[in-house]
1. Can you name the residue in region 58-98 that is part of a strand (DSSP E or B) and polar (S, T, N, Q) and is also surrounded by the most Cβ atoms within 10 Å (Cβ to Cβ) among such residues?
2. Do you know which of the residues in region 39-57 that are outside any helix (DSSP H, G or I) and of a type in the set (A, V, I, L, M) is modelled with the highest pLDDT?
3. Is there any pair linking a residue in region 25-38 that is more than 18 Å from Thr62 (Cβ to Cβ) to one that is assigned to a helix (DSSP H, G or I), with Cβ under 7 Å and at least six apart or on different chains, and which?
4. Out of (1) free of Cβ contacts under 8 Å to residues at least 24 places away in the same chain; (2) in a loop (DSSP other than H, G, I, E, B), the odd one out for Asp13 is which?
5. Taking into account only those residues within region 209-234 that are free of Cβ contacts under 8 Å to residues at least 24 places away in the same chain, within 20 Å of Pro252 (Cα to Cα) and under 30 Å from the mean Cα position of the chain (by Cα), which is surrounded by the most Cβ atoms within 10 Å (Cβ to Cβ)?
6. Just checking, does region 148-160 include any residue being at pLDDT 80 or above, touching a His at 6+ places or on another chain (Cβ under 9 Å) and either under 17 Å from Ile106 (Cβ atoms) or not β-branched (Val, Ile, Thr) (or both)?
7. Exactly one of (1) among the β-branched types (Val, Ile, Thr); (2) at pLDDT below 85; (3) in contact with a Pro (Cβ under 8 Å, 6 or more places away or on another chain) is unmet by Ile294. Its number?
8. Quick check on region 19-34. Is at least one of its residues assigned to a loop (DSSP other than H, G, I, E, B), modelled with pLDDT of 95 or more and in contact with an Asp or Glu (Cβ under 7 Å, 6 or more places away or on another chain)?
Amino acid sequence: MDAIKIPTHINGDRIVLRRHDVALASKMFTYVDRDRERLQRFLPWVEIVKSIADEEAYIQKTLADWEAGILYDYGMFLNDNDEYLGNVGVHSISVKNRHCEIGYWILGAFEGEGYISEAVSALERAMFGAGFHRIAICCDPVNVRSARVPVRLGYRYEGIRAENLRVGEKFRDLFVFSKTRSKTQVADATTQSPLGLQIAESRIYVSDLKAAATWFEQFLGARPDLSLEGFVRFRLGTDSTLALAPADDKSPTSLGGSTPYMRVLDLSAAIRHAEKQGAKIYRGPLATEYGEGIAQILAPIGVVIGLLGPMS
């Protein structure tokens, strides 16, 4: 691959992306500090940016990384008044494999206006134009708005990186999406189904949860990765799990009591989609103890299907 030439400015219809300038440090810190509680829910770096000096050090590092070819980070600004919106950047760069990853965040005051999608789309074009072949986007499954961006832009869902991101003292999963230079068609966000990502979990209902957990621990040769009152989960490989839960009148201990669960990007949207196809809510939706929503639907063909994902 020839030397990568990355533009310092990238223009969109409503916004412009500009390589960081240390002069922006004061404004960037003020805005981040004002939006700190919201941002730190999903972004691990927020807790270490405690002063303008920290922001200046961050910007200096991005400029050095830019020159070294290991990070290309931009500020997002409105075209009409130069208002600062947030950041978007390229990292996890492999020149040999022509691969990179795009990350982004936006201040709450500008959320929901499509600026992130416009910024990612503009940056994507620039990266493919620079010679990259594959672009990835990784999102916290709980951050519904963030996960909708790659879906809207036609990225392919690849799976989950289990507990790949540390936020505070917790380890979080990440959704992984990708697009290659040869497949840059953009999906129609109004028609793309919210279903079909993967079978995320097989759930078995048992009469004695403790005894069942012990048996499966011996049978699988692995300890549960999550053990709560009323729920035990074993991780099978990277992207799927086997779960045990107490049986009841709606989920008996029978062949019909084992329910496949499909992971979705937006539980509420998935339920609405299923209802349009003639399904009815069988159970839920409920918020789980481990950060997602859950529901069961009764399909018109007489089977129960589980849905697991963030609730909007």
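1. Among them, the one singled out is Asn87.
2. Here the residue is Val49.
3. Asp35/Gly108; Arg36/Val46; Arg38/Gly108
4. That leaves (1) as the condition not met.
5. It comes out as Val232.
6. No, every residue in region 148-160 fails to be at pLDDT 80 or above, touching a His at 6+ places or on another chain (Cβ under 9 Å) and either under 17 Å from Ile106 (Cβ atoms) or not β-branched (Val, Ile, Thr) (or both).
7. For Ile294, the failing item is (2).
8. yes
The values are calculated or read from the model by the stated rules, or taken from the named source; none is laboratory data. Nothing here was measured: the structure is a model prediction, and the numbers come from that model. A quick note on method: Cβ atoms are made from the backbone with ideal geometry, for glycine too, and the neighbour counts reach across all protein chains shown.
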